[in-house]
Amino acid sequence: MRALRQTWWAPLAAVLVVAELLVAQAFLIGDGTSNILNAESTTAGATLSLGGAAALAVGLWARPKARVVGNALVVVGAVLAAIWVWTVLMTPIAIAVIVGVTVSQVRSAEPTSDTP
């Protein structure tokens, strides 16, 4: 739960993890034709979706300890979520997560002390 309380966009990233797992499930339990082209697209779609979900989950988990690595993994996972434009909601959520990660990374890079 600590990973989801990091920032405002972390729960959105968790929603993307679930959505990407559902997309992977849709690819794997598709209509089941035996066309070789369909098998290739099923494998590619499931791999991209599972990879995005894994990157987001590991990024959220690693972010408190290794902020730059965690942020990079979250961005990679969100980009992989954004490619499923026909799902309508995943792309705007992914864009919001990417913007949130970018803003939080820029803010964390700013010096916090006011030394003259």
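Observations
- Placing pseudo-labels 7 Å out from each Cα toward the beta carbon at Ala96 and Trp61 gives an inter-label distance of 2.5 nm.
- Based on Cα contacts under 8 Å between residues 6+ apart, region 2-109 shows a relative contact order of 29 percent.
- Label-to-label distance, Val106 versus Ala39, with points set 7 angstrom from Cα along the beta-carbon direction: 4.8 nm.
- Selection from Gln105, Ala81, Ala54, by position along the positive dipole direction of region 2-109 (Cβ): Gln105
- Projected area, mean over directions - region 2-109, Cα convex hull, nm²: 6.6
- Relative exposure of Arg67, Arg107, judged by other C-beta atoms within 10 Å (fewest first): Arg107, Arg67
No value in this document is a laboratory result; all are computed from the given coordinates. Here the structure is a predicted model, which means the values were calculated and not measured. Here Cβ is always computed from backbone atoms with ideal geometry, including for glycine, and neighbour counts include all displayed protein chains.
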